[in-house]
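Here is the structure we will look at.
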Amino acid sequence: MVEKPKHPENYPESHLYRIRHSAAHVMAQAVLEYFPEAKIAIGPPIEDGFYYDFDLPRPITQEDLEKIEARMKEIIAGKHDFVRREVTPEEAREIFKDQPYKLELIDDILSRGTDEYGNPLPEGQKPVLSVYQHDTFIDLCRGPHVKNTSEINPKAVKLMSIAGAYWRGDETKPMLTRIYGTAWESPKELRQYLKWLEEAKKRDHRVLGKELGLFYFAPDEIGPGIPLFTPKGEILRHLLESYVREVQTRYGFLHVWTGNIVKEDLYAKSGHLQNYAEVMFPPMVDEKSGERFRLKPMNCPSHMTLYKKMGKHSYRELPLRFSEFATVYRYEKKGELHGLTRVRSLTQDDCHIFCTEDQIQSEFSMLLELIQEILGRFRLTDYQVRLSLRGEGGKYVNDPEKWDKAEAALRNALDASGLDYIEAKGEAAFYGPKADFIARDTLGREWQLSTIQVDFIQPARLGLTYIGADGAEHTPVVLHRAIMGSTERFLGVLIEHYAGAFPVWLAPVQAVIIPITDRHLLYCEQVAQKLRAAGLRVEVDSRAERMNAKIRDAQKQKVPYMLIVGDREVEGGKVALRLRSGENLGAMSVDEFLAKAQADIEAGV
Ligand SMILES: [Zn+2]
Ligand SMILES: [Zn+2]
């Protein structure tokens with residue numbers, strides 16, 4: 001397997017991060033020389049490289065990119081120092097007087113205390129107006145940078161692609177040209193990265209989804225970000241969900257269902273309307289009664305309402321675990337939609353556990369086990385847990401005793417589990433600590449999948465209670481939890497993880513039976529019937545194509561088993577088994593094949 005060059009542990013503090021950030025500035029200089037009338041927006045380092053957004057006088061071509069890259073190499077060879085300077089608001093406005101995007105960012109830094117990209121600053125950091133200059137280029141920037149352009153290896157820098165990007169991700173704002181580049185410490189790492197990228201492209205779930213006929217998008221007819229699943233795609237959804245459901249039942253979860261539309265008032269009470277409005281679809285207003293409704297953006301308030309409606313609860317009933325495969329709707333920005341991994345309608349495997357403070361640790365331990373079992377079934381076994389704890393500052397719910405207890409409970413459970421975890425101070429939500437599972441796929445890419453979130457706030461806001469052993473009313477703690485996150489996103493990750501070659505238990509079509517000629521067709525149908533009766537998903541390829549073409553197509557569709565049938569197989573009551581890897585296992589009885597398929601399903605291969 002091609003591996004990506006190793007990602008530095010603490011990337012924002014690494015030398016590689018400085019190299020990329022500096023390369024972004026060098027690129028902006030080259031672009032400004034090439035298009036003196038260009039306006040510059042923002043240019044941060046990103047996971048595998050960097051980008052810069054420009055407002056350009058004309059569309060940019062591959063040829064332009066090559067020229068810009070060549071000029072970047074010259075600038076790098078000029079051995080220019082990067083010099084930092086703090087400036088007053090007046091100086092900053094003077095320096096960037098011809099750069100409207102920078103002027104807007106300067107205003108943001110001054111009025112909203114953002115960083116130089118217009119984003120909120122990490123906790124504890126103070127806004128600052130500083131510029132970095134190298135050669136002729138000066139940028140509004142907090143750094144960090146390399147000391148001198150000579151620290152950038154010109155042979156390890158490459159401009160990759162061009163994309164459109166709305167200013168501030170807002171589709172009502174101008175569309176800018178984003179140029180992506182990559183930079184590494186050595187040319188060898190760059191080569192390795194490019195090879196890895198080629199493999200990743202082959203696995204792109206948007207491409208494979210079409211090739212394998214799993215799902216489509218119809219932005220003009222249905223709307224953007226709403227996937228339509230074909231019969232094959234729906235089989236996958238169904239298998240994922242029914243597997244997770246079956247395991248959850250074994251772990252004591254109760255499945256509920258709470259609809260798609262909710263009165264807006266409930267979200268005002270829960271606090272979502274105040275904090276979450278921009279990702280909610282606009283309200284639907286009942287003209288007769290004036291009532292306002294929303295498409296459900298999350299399930300927590302619905303599950304909590306159900307808890308209340310089910311009557312008075314005693315501590316003896318806790319923990320109570322509600323689970324639902326719930327389709328929710330998020331108004332994601334059009335520019336941020338991405339295949340199945342970022343959609344507007346998604347089905348969460350959502351769960352809320354109502355428990356006492358003393359039960360947090362045992363519930364958390366149980367969830368760790370559950371998540372490991374499920375991710376393991378999908379052959380996602382390389383993961384790390386990120387434990388987000390509270391930091392300094394006033395945003396956290398002010399109940400230090402509760403926090404200490406919950407954080408200790410999570411930590412103890414993680415220690416006992418033997419899982420690899422890191423602690424991230426200051427990354428908890430204001431309402432409680434959480435744990436995220438960051439899984440690495442076969443290409444070493446990291447995906448945040450399962451989440452467990454402790455919540456001290458919502459249950460109190462919505463008036464949830466239970467009667468404790470002391471006979472008094474208490475507020476339960478709620479643990480929010482998702483394992484797959486959403487069926488859609490998880491499926492997108494799995495398609496790329498498996499490169500479309502699903503393990504037998506998930507393959508939409510598990511076996512294709514291929515007659516060598518038409519006179520074998522009847523026997524093929526009989527075999528198919530027998531296999532279907534045993535629960536396998538089987539097709540007979542009765543098209544008037546040559547056998548080799550049928551094998552090639554089945555292989556392209558990544559069907560695990562091809563059963564070839566000719567005279568000898570019909571006479572002997574057999575099938576000749578060929579695997580999608582191209583391996584031939586020869587003739588075997590139908591029962592022998594069934595036993596093999598069932599063993600593979602069991603083993604999850
Ligand atoms: Zn910068
Ligand atoms: Zn929730």
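Data table
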item	result
Where M72 falls short, out of the listed (1) within 13 Å of ligand 1 (Cβ to nearest atom); (2) of a type outside the set (S, T, N, Q); (3) at pLDDT 95 or above	(1)
Counted residues, segment 304-326 - those being of a type in the set (S, T, Y) and surrounded by fewer than 16 Cβ atoms within 10 Å (Cβ to Cβ)	1
Unmet requirement for R461, which otherwise passes all of (1) within 16 Å of ligand 2 (Cβ to nearest atom); (2) touching a strand residue (DSSP E or B) at 6+ places or on another chain (Cβ under 7 Å)	(2)
Any hit, segment 190-209, residues being within 21 Å of the chain's Cα centre (by Cα) and farther than 30 Å from A156 by Cβ	yes
Residue within segment 547-561 that is among the hydroxyl-bearing types (S, T, Y), out of contact with any Cys (no Cβ under 6 Å at 6 or more places or on another chain) and surrounded by fewer than 20 Cβ atoms within 10 Å (Cβ to Cβ) present	no
Options E90, E123: the member that is closer than 27 Å to E37 by Cβ, in the same structural domain as A38 (by TED's automatic domain parsing) and either assigned to a strand (DSSP E or B) or more than 16 Å from ligand 1 (Cβ to nearest atom) (or both)	E90
Top-ranked residue in segment 15-45 [being assigned to a loop (DSSP other than H, G, I, E, B) and away from ligand 1 (no atom under 11 Å from the Cβ); ranked as surrounded by the most Cβ atoms within 10 Å (Cβ to Cβ)]	A41
Residue in segment 310-319 that is away from ligand 1 (no atom under 16 Å from the Cβ), within 22 Å of N412 (Cβ to Cβ) and either part of a loop (DSSP other than H, G, I, E, B) or not assigned by TED's automatic domain parsing to the domain that holds H238 (or both) present	yes
Test: residue in segment 532-553 that is in contact (Cβ under 8 Å) with a residue 40 or more places away in the chain and assigned to a helix (DSSP H, G or I)	no
From the options P301, P297, P282, residue that is in a loop (DSSP other than H, G, I, E, B) and either crowded, with 18+ Cβ neighbours inside 10 Å or within 12 Å of ligand 2 (Cβ to nearest atom) (or both)	P297
Where a residue in segment 241-258 is under 20 Å from E488 (Cβ atoms) and its partner, wherever it lies, is β-branched (V, I, T), with Cβ under 7 Å and at least six apart	E241/T487; V244/I374; V244/I483; V247/I374
Looking only at segment 23-62, and only at residues there that are under 29 Å from the mean Cα position of the chain (by Cα) and more than 25 Å from P5 (Cβ to Cβ), the one that is nearest to ligand 2 (Cβ to nearest atom)	I42
Qualifying residue in segment 414-429 (condition: under 15 Å from the mean Cα position of the chain (by Cα) and either within 29 Å of L121 (Cβ to Cβ) or within 16 Å of ligand 2 (Cβ to nearest atom) (or both))	no
The one condition in (1) part of a loop (DSSP other than H, G, I, E, B); (2) within 16 Å of ligand 2 (Cβ to nearest atom) that L479 fails to fulfil	(1)
Any chance E496 is within 30 Å of R552 (Cβ to Cβ) and within 24 Å of the chain's Cα centre (by Cα)	yes
Restricting segment 520-544 to residues that are more than 17 Å from A597 (Cα to Cα), at pLDDT 95 or above and out of contact with any Pro (no Cβ under 8 Å at 6 or more places or on another chain), the residue that is surrounded by the most Cβ atoms within 10 Å (Cβ to Cβ)	H520
Residue under evaluation K558, criteria (1) assigned to a helix (DSSP H, G or I); (2) of a type in the set (D, E, K, R); (3) touching a residue at least 12 places away in the same chain (Cβ under 8 Å); (4) out of contact with any strand residue (DSSP E or B) (no Cβ under 6 Å at 6 or more places or on another chain), criterion not met	(1)
Qualifying residue in segment 409-431 (condition: under 18 Å from I360 (Cα atoms) and of a type in the set (V, I, T))	no
Qualifying residue in segment 128-140 (condition: part of a strand (DSSP E or B), within 15 Å of ligand 1 (Cβ to nearest atom) and among the polar types (S, T, N, Q))	yes
Hey, L346 buried (at least 18 other Cβ atoms within 10 Å of the Cβ) and part of a loop (DSSP other than H, G, I, E, B) or not	no
Matching residues, segment 440-464, being part of a helix (DSSP H, G or I) and within 17 Å of the chain's Cα centre (by Cα)	none
Answer residue from segment 144-187, given it is among the polar types (S, T, N, Q) and in contact with a strand residue (DSSP E or B) (Cβ under 7 Å, 6 or more places away or on another chain) and is surrounded by the fewest Cβ atoms within 10 Å (Cβ to Cβ) among those	S161
Residue among Y307, Y331 that alone is in the same structural domain as Y251 (by TED's automatic domain parsing) and either within 16 Å of ligand 2 (Cβ to nearest atom) or not in a loop (DSSP other than H, G, I, E, B) (or both)	Y307
Sole exception among (1) free of Cβ contacts under 8 Å to residues at least 40 places away in the same chain; (2) within 16 Å of ligand 1 (Cβ to nearest atom); (3) not in a loop (DSSP other than H, G, I, E, B) for K201, by number	(2)
Filtered residue count, segment 433-445, keeping only those that are within 20 Å of Q348 (Cα to Cα) and charged (D, E, K, R)	2
Conditions (1) under 29 Å from P459 (Cβ atoms); (2) touching a helix residue (DSSP H, G or I) at 6+ places or on another chain (Cβ under 8 Å); (3) among the aliphatic types (A, V, I, L, M); (4) crowded, with 21+ Cβ neighbours inside 10 Å; number of the one not met by L389	(4)
S323 part of a strand (DSSP E or B) and either under 28 Å from the mean Cα position of the chain (by Cα) or over 24 Å from M484 (Cβ atoms) (or both)	yes
Failed item, numbered, when Y132 is tested on (1) under 31 Å from the mean Cα position of the chain (by Cα); (2) buried (at least 19 other Cβ atoms within 10 Å of the Cβ); (3) of a type outside the set (K, R)	(1)
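The values are calculated or read from the model by the stated rules, or taken from the named source; none is laboratory data. Just so we're clear, the structure is a prediction, and the values are computed from it rather than from any experiment. Methodologically, a virtual Cβ is constructed for each residue, glycine included, from the backbone with ideal geometry; neighbour enumeration extends over all protein chains shown.
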